[in-house]
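Since the structure comes first, as structure tokens, the remarks are kept for the end.
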């Protein structure tokens with residue numbers, strides 16, 4: 001099952017093709033119980049992904065953001081399941097910014113073993129292929145990507161658009177990065193995976209479907225995503241409603 005990344009990328013790209021025409025189209029934005037935004041793009045993308053996964057992998061359960069928001073997360077889950085975020089970075093999507101993605105990750109025994117991430121505006125897709133990560137653009141052959149070694153004196157951190165300067169300063173002192181760039185969504189993990197950035201410290205809330213696909217890609221590219229203390233970052237946290245704790249993503 002760790003060789004299904006290309007199939008997952010196909011599904012992500014189909015959802016991206018559905019979502020992209022809705023970007024900057026003046027869609028109505030509603031809000032979920034946690035006040036996070038949701039649009040028709042989220043819902044239509046999720047419907048396509050759930051249908052495709054059910055057809056191709058009928059025996060593997062799926063936990064998806066919008067379904068979980070409406071019906072809640074399950075009280076129990078087996079060792080293998082998909083985590084889906086049909087539109088990660090909805091706030092960026094609503095603002096008209098290009099940093100939003102479509103994500104599908106496969107979890108086995110608490111670890112992300114396969115995944116795909118697609119950026120609808122750029123047409124880029126990153127996905128796992130066994131023990132490596134690949135990147136492809138429409139009409140261009142896929143190429144391997146690798147995380148880069150830490151560039152001393154020029155390490156670039158990707159941070160949230162909403163992060164306060166004083167918070168970023170504290171993180172820079174803690175993790176030793178030199179440069180910073182604001183960016184939304186799981187594309188941050190993919191930029192680290194392809195060697196375009198070096199660290200993404202997240203001292204704030206996320207959900208498992210936000211990180212699973214990008215985590216799989218990053219690890220396949222030679223990077224890592226751990227707790228701030230360096231411990232393993234696990235999935236399937238049923239008791240926590242599939243909420244993540246703090247984490248740090250790093251390159252090679």
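The values are calculated or read from the model by the stated rules, or taken from the named source; none is laboratory data. What you are looking at is a predicted structure, and each value in this text was computed from that prediction instead of being measured. Virtual Cβ from ideal backbone geometry, glycine too; neighbours counted across all protein chains shown.
Taken over the range 76-106, the criterion of being at negative phi, buried (at least 20 other Cβ atoms within 10 Å of the Cβ) and not in a strand (DSSP E or B) is satisfied by 90, 92, 93, 99, 100. When 48, 20 are screened for being in a helix (DSSP H, G or I), in the same structural domain as residue 85 (by TED's automatic domain parsing), closer than 15 Å to residue 104 by Cβ and over 17 Å from the mean Cα position of the chain (by Cα), only 48 passes.
Counting only helices (runs of 4 or more DSSP H) that sit completely within the range 155-252, those holding 3 or more residues that are in contact (Cβ under 8 Å) with a residue 60 or more places away in the chain and in contact with a strand residue (DSSP E or B) (Cβ under 6 Å, 6 or more places away or on another chain) correspond to 187-193, 208-220. Going through (1) under 28 Å from residue 159 (Cβ atoms); (2) surrounded by 21 or more Cβ atoms within 10 Å (Cβ to Cβ); (3) at pLDDT 95 or above one by one, residue 121 falls short only on (2). Sort through 118, 128 and tell me the only one that's touching a residue at least 40 places away in the same chain (Cβ under 8 Å), touching a strand residue (DSSP E or B) at 6+ places or on another chain (Cβ under 8 Å) and closer than 22 Å to residue 198 by Cβ. When all the criteria are applied, what remains is 128. Residues being touching a helix residue (DSSP H, G or I) at 6+ places or on another chain (Cβ under 7 Å), over 26 Å from residue 26 (Cβ atoms) and not assigned by TED's automatic domain parsing to the domain that holds residue 54 are represented in the range 169-180 by at least one member.
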